[in-house]
Amino acid sequence: GGPRRLVAEAGNFGRPLLTPDGRHVVFTEKRMQRRDGARHFRPRIRSVDWETGAVRTLGRGFAVDTWAEPGSGRTWIYAMDKVHASKQPSVNGSTMVRFALDAPERRETVWTRTRLSLDSVQLSRDGRRFAALFPWPDAGLGDFASGRWTKLDVGCWPALAPDDSYVAWVFDGPHRNLRLVAPENDARWRVSLSDG
């Protein structure tokens, strides 16, 4: 049917995310103000039902990923609960939380060890690890159970393979190559995006 508007009002929205079942779009209303040369945020997370267009507010924070729990298929939203004022292009947050899409009032803290950049947080299929910027430009792989993270490289837009291999990649500085890392044996290779 072509493109369609998901929300009626205009706004400063960030990071629209499809839920794994494709039934909702989760996005963040940034609610940004400029003061003292910095951007200040009071973000809140909202969702849109793909079929009905019904919009629902899920609470404060900046949504960074959606995840389907293996077995039950229950949809979880991962979000940065605290977003820090920034004078830089990269915006960081601390205190990553998660909540079920059907119970946004019940939040669980899952990461407080480091600040994280708001872009490119991606969970593994099993939900045990995640790729992120810790913060930019340090791309790495975090482990929820241990609270530790491993630096993979310097760059941006890290991502994980869609299986449970934890193979990750990150763009190099000029965005001309993907640097891939298999963390279990530290195998590394490069894929050029600019070679003819």
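Take V181 and decide whether it is in contact with an Asp or Glu (Cβ under 8 Å, 6 or more places away or on another chain) and among the β-branched types (V, I, T).
Answer is yes for this residue.
Looking at region 5-62 only, could you name the residues that are open to solvent by 70 Å² or more (accessible area, probe 1.4 Å), in contact with a Leu (Cβ under 9 Å, 6 or more places away or on another chain) and of a type in the set (A, V, I, L, M, F, W, C)?
W50
Could you list, in sequence order, all residues of region 152-184 that are among the hydrophobic types (A, V, I, L, M, F, W, C) and either touching a helix residue (DSSP H, G or I) at 6+ places or on another chain (Cβ under 6 Å) or not in a strand (DSSP E or B) (or both)?
Across region 152-184, the qualifying residues are A161, V167.
Within region 144-164, how many residues turn out to be small (G, A, S) and open to solvent by 40 Å² or more (accessible area, probe 1.4 Å)?
2
Does any residue of region 75-94 turn out to be at pLDDT 95 or above, among the acidic types (D, E) and open to solvent by 10 Å² or more (accessible area, probe 1.4 Å)?
Looking for residues that are at pLDDT 95 or above, among the acidic types (D, E) and open to solvent by 10 Å² or more (accessible area, probe 1.4 Å), one finds none in region 75-94, hence no.
Name the single residue, out of those in region 43-63 being in contact (Cβ under 8 Å) with a residue 12 or more places away in the chain and of a type in the set (S, T, N, Q), that is farthest from L18 (Cα to Cα).
Only one residue fits best here, namely T57.
The values are calculated or read from the model by the stated rules, or taken from the named source; none is laboratory data. This is a predicted model, so every value here is computed, not measured. In this analysis, Cβ positions are derived from the backbone assuming ideal geometry, glycine residues included, and neighbour counts consider all displayed protein chains. Just so you know, the surface numbers come from the protein's heavy atoms only, side chains and all, with ligands and any DNA or RNA stripped out. Shrake-Rupley method; radii C 1.70, N 1.55, O 1.52, S 1.80 Å.
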